[in-house]
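Down below is the structure, laid out as structure tokens.
The values are calculated or read from the model by the stated rules, or taken from the named source; none is laboratory data. Source: prediction; values computed, not measured. Because the Cβ atoms are built from the backbone with ideal geometry, glycine has one as well, and the counts that use them run over all protein chains shown.
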């Protein structure tokens, strides 16, 4: 019997555990990696761009609404219901009081093409001042950039810069504003959105996705651990089954050898008996043949024979009386020849004596 080389159980178990871990962990890690790549490389940038685009569309609608206020007052001045300075003052007062947003602190401002501040609700210190050299904390001349935006883009455009958070001059953040030119008066009306809001929404979504990814990773880890445990348990059962099968195979070989020997012995014994039976049958057949030959030659008479005491005739089965020789010839294979005994010769032919 060939003996296969085997590794120690601990080595086999370690290699099996490593294989099971790689088989389960690698696909899970790839899945998590692809999820993170898709999330941070594609979904989050697309989400941020979508939020920003919605904000831009909202700003366009808001400046368009504010411009309609200026247009209404300008038409009132043209109709003569008020002078142009009165119309401008009324329009400024109305725009100054407009608010929107969750806190009611988002606002509009007006500057002209010089650029000079016409009205700013939170920076009245800038009203009437030349803004040509006004810069944000990074040195950008933002109002000059706004004038350039409306001149380059058919009367409207976007300008990013740093500005105070609503009515808090101590808190400076990134802002994106939309400006629109009201040509009859040479005014630029603008409003903006704080990019911190966009960043906060993206950050909130990022945290949510990070928590989700962590939960998925932990779930995959638990599933992987369960799969590894199940794999090791299956491998252990497989090894036990293989050991039992090997032991059974070895025992089976012994049983087959014993059974083969027993069958060979039984075969020899059966062959011997068959030969004896054949020999006996041959002898029996020979004897039967001899007996049949003897019976063919010999017929026996048995039982009581009714014979006449006087003439010696015998009565047959039908009740007929026949000569003795006729009866014997019918009942046996004997044949008769006729002759005379000495007594009869003497009696019948005394003269010959």
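When the range 198-228 is filtered for residues that are under 30 Å from residue 167 (Cβ atoms) and touching a helix residue (DSSP H, G or I) at 6+ places or on another chain (Cβ under 8 Å), the ones remaining, listed by number, are 198, 201, 202, 205, 206.
Does residue 176 qualify as being modelled with pLDDT of 95 or more, within 59 Å of the chain's Cα centre (by Cα) and under 22 Å from residue 112 (Cβ atoms)? For residue 176, the condition - modelled with pLDDT of 95 or more, within 59 Å of the chain's Cα centre (by Cα) and under 22 Å from residue 112 (Cβ atoms) - is met. Give me the residue from the range 130-151 that is assigned to a loop (DSSP other than H, G, I, E, B) and buried (at least 16 other Cβ atoms within 10 Å of the Cβ) and, out of that set, farthest from the chain's Cα centre (by Cα). Checked the range 130-151; the qualifying residue farthest from the chain's Cα centre (by Cα) is 131.
Taking the range 69-112 as the range and being over 25 Å from residue 130 (Cβ atoms), in contact with a strand residue (DSSP E or B) (Cβ under 9 Å, 6 or more places away or on another chain) and in a helix (DSSP H, G or I) as the test, the residues that pass are 69, 71. The single condition among (1) free of Cβ contacts under 8 Å to residues at least 12 places away in the same chain; (2) in the same structural domain as residue 142 (by TED's automatic domain parsing); (3) surrounded by 11 or more Cβ atoms within 10 Å (Cβ to Cβ) that residue 170 does not meet is (3). Scanning the range 95-108 for residues that are at pLDDT 95 or above, closer than 18 Å to residue 149 by Cα and either outside the structural domain of residue 175 (by TED's automatic domain parsing) or in contact with a helix residue (DSSP H, G or I) (Cβ under 8 Å, 6 or more places away or on another chain) (or both) turns up at least one hit. Being in the same structural domain as residue 60 (by TED's automatic domain parsing) and in a helix (DSSP H, G or I) is a property that does not hold for residue 236.
So that you can scan it fast, the table gives a plain yes or no per residue for (1) at pLDDT 65 or above; (2) in a helix (DSSP H, G or I):
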site	(1), (2)
3	no, no
7	no, no
13	no, yes
17	no, yes
32	yes, yes
41	yes, yes
46	yes, yes
60	yes, yes
65	yes, yes
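Pick out the one residue from 267, 239 that is under 60 Å from the mean Cα position of the chain (by Cα), touching a residue at least 60 places away in the same chain (Cβ under 8 Å) and surrounded by 10 or more Cβ atoms within 10 Å (Cβ to Cβ). Step by step, each of 267, 239 is checked, and only 239 is under 60 Å from the mean Cα position of the chain (by Cα), touching a residue at least 60 places away in the same chain (Cβ under 8 Å) and surrounded by 10 or more Cβ atoms within 10 Å (Cβ to Cβ). Is it the case that some residue within the range 113-125 is surrounded by fewer than 17 Cβ atoms within 10 Å (Cβ to Cβ), touching a strand residue (DSSP E or B) at 6+ places or on another chain (Cβ under 8 Å), farther than 17 Å from residue 175 by Cβ and touching a residue at least 40 places away in the same chain (Cβ under 8 Å)? Yes - at least one qualifying residue is present in the range 113-125.
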